[in-house]
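Heads up, the thing below is written out as structure tokens.
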Amino acid sequence: MISIQRRTGSSPGWNVACYSAALAGAFLSSALLLALSGGDPVKAFSALLVGAFGSQNALLGSLSKATPLLLVGLGTLIAFRAKIWNIGQEGQVIGGAMMAYWASLMVAPLPYWMALSIIALAGLLGGAALGLLAGYLKTRFATNEIISTVMLNYIVIYFLAYLLDGGPWMETGVTVAYHQSPPVNPALEWLVLLGQGTGKLHIGFLFALAASVVCAMLIERTSLGYEIRAFGSNPTALRFRGTNIRRLLLVVMLMSGALAGLAGAGELFGTSHRLRAETLLGIGSSGIVVAMVGGLRPTGVLLAALFFGALKAGAIYMRLKSGTPAGLVSAMEGLVLLFFLCGAVATKFKIVRNLAHA
């Protein structure tokens, strides 16, 4: 007789098997979707791999796509580990980009590294302000953070639309199919580490790696990290311990929003070089998926960000070579999340074979 029981300890081999099965299930489901849409799964996935890893430029492009996802994923990790459901990453990414762009208009005469530091700090502050606002609404008026962060997303998106559609940041003198700002000052573009064109890797990647190290140390090795984890598991006990719950919630939302804001600043000054909604939308939602697939752990988030960065970079080549519908890439992301969540649940259980004797 075979039964399923809850697992009491950790089994690395079983965890690897569950997540490997989840990944295989996600790709098989994606292949089925491709076939149903009239595409060739083998041709599409071959093009995906070539677009993600087929050359040095392709590999650097994958790392570039992973950079903002890693930052947003780390910010999501901090909030979700405390069971504070910050769903405002889309707005925080845009808020960071907007604040960084505004700062760039003021710092052009400064030396490069000083200007870079101010722009990065402005990006952090732009995202942090939105996160802090949502935290304040929760602590002061008991406003559900899911509702407030989602509403702030719309406010920020429409405010950006105002600035770029007849507003003070609208590019004039050219005819374009979408609204955008003038290009940023070339002297303020973020330093390119490797590559060129679509396959260039900017200094924001180093910022993201540093953030992942700091986040890992924060969560696992500091008293603040202990409080964040305890707040997510037993806030009542934490309150009796003497922790200021209100202040902790504000700190968590501030850090979560700041990392998303830095992602927006890096995307603007490292990749797109123009403030445009189309290049920023989707980073926040994909970052949430990265955090969930990564199991809300820094190492897992790093690996998930690299995976989804490769998926996004390869998807561009896949659409060109195989005619894959653009919406299918988002569907693939959703399938990966769904199967990985199922895999995470499966790791909590074990299959036991009971031998009954007469």
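Below is a table of values for the structure above.
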read-out: Yes/no for Pro12 being at pLDDT 95 or above, within 23 Å of Val290 (Cβ to Cβ) and out of contact with any strand residue (DSSP E or B) (no Cβ under 9 Å at 6 or more places or on another chain); value: no
read-out: Scope the stretch 140-151; condition open to solvent by less than 70 Å² (accessible area, probe 1.4 Å) and under 14 Å from Glu90 (Cα atoms); matching residues; value: Ser148, Thr149, Val150
read-out: Selection within the stretch 282-292 - in a helix (DSSP H, G or I) and open to solvent by 10 Å² or more (accessible area, probe 1.4 Å); value: Ile283, Ser285, Ile288, Val289, Met292
read-out: Hey, Ile219 over 23 Å from Gly126 (Cα atoms) and surrounded by 20 or more Cβ atoms within 10 Å (Cβ to Cβ) or not; value: yes
read-out: Per-region count, the stretch 8-31, residues touching a residue at least 60 places away in the same chain (Cβ under 8 Å) and either farther than 30 Å from Lys348 by Cα or hydroxyl-bearing (Ser, Thr, Tyr) (or both); value: 4
read-out: Hits in the stretch 227-248 - residues which are touching a Ser or Thr at 6+ places or on another chain (Cβ under 6 Å) and either open to solvent by less than 20 Å² (accessible area, probe 1.4 Å) or of a type outside the set (Asp, Glu) (or both); value: Arg246
read-out: Among residues of the stretch 293-340, those that are in a helix (DSSP H, G or I), in contact with a Ser or Thr (Cβ under 9 Å, 6 or more places away or on another chain), open to solvent by less than 50 Å² (accessible area, probe 1.4 Å) and not aliphatic (A, V, I, L, M), counted; value: 6
read-out: Any hit, the stretch 130-138, residues being free of Cβ contacts under 8 Å to residues at least 24 places away in the same chain and among the charged types (D, E, K, R); value: no
read-out: In the stretch 342-357, residue modelled with the lowest pLDDT [restricted to those that are of a type outside the set (Val, Ile, Thr) and open to solvent by less than 70 Å² (accessible area, probe 1.4 Å)]; value: Asn354
read-out: Unique match (being under 30 Å from Ile245 (Cβ atoms), open to solvent by 90 Å² or more (accessible area, probe 1.4 Å) and not β-branched (Val, Ile, Thr)) among Tyr162, Tyr154, Tyr178, Tyr158; value: Tyr154
read-out: Checking Thr279 against (1) part of a helix (DSSP H, G or I); (2) over 30 Å from Asn185 (Cα atoms), the condition it does not meet; value: (2)
read-out: Total residues in the stretch 79-118, condition part of a loop (DSSP other than H, G, I, E, B), touching a residue at least 24 places away in the same chain (Cβ under 8 Å) and either hydrophobic (A, V, I, L, M, F, W, C) or surrounded by fewer than 24 Cβ atoms within 10 Å (Cβ to Cβ) (or both); value: 6
read-out: Filtered residues of the stretch 255-298 (kept if at pLDDT 95 or above and either touching a Lys or Arg at 6+ places or on another chain (Cβ under 6 Å) or hydroxyl-bearing (Ser, Thr, Tyr) (or both)); value: Ser256
read-out: Within the stretch 119-139, tally of residues that are open to solvent by 70 Å² or more (accessible area, probe 1.4 Å), aliphatic (A, V, I, L, M) and more than 16 Å from Leu268 (Cα to Cα); value: 1
read-out: Every pair of residues 6+ apart whose Cβ atoms lie under 7 Å, when the first sits in the stretch 32-50 and is closer than 18 Å to Ala313 by Cβ while the second is of a type in the set (Lys, Arg) and open to solvent by 50 Å² or more (accessible area, probe 1.4 Å); value: Ala47/Lys321
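The values are calculated or read from the model by the stated rules, or taken from the named source; none is laboratory data. Just so we're clear, the structure is a prediction, and the values are computed from it rather than from any experiment. Cβ atoms come from the backbone with ideal geometry, glycine included; neighbour counts cover every protein chain shown. The area values use the complete protein model at the heavy-atom level, side chains included, leaving out ligands, DNA and RNA. Shrake-Rupley method; radii C 1.70, N 1.55, O 1.52, S 1.80 Å.
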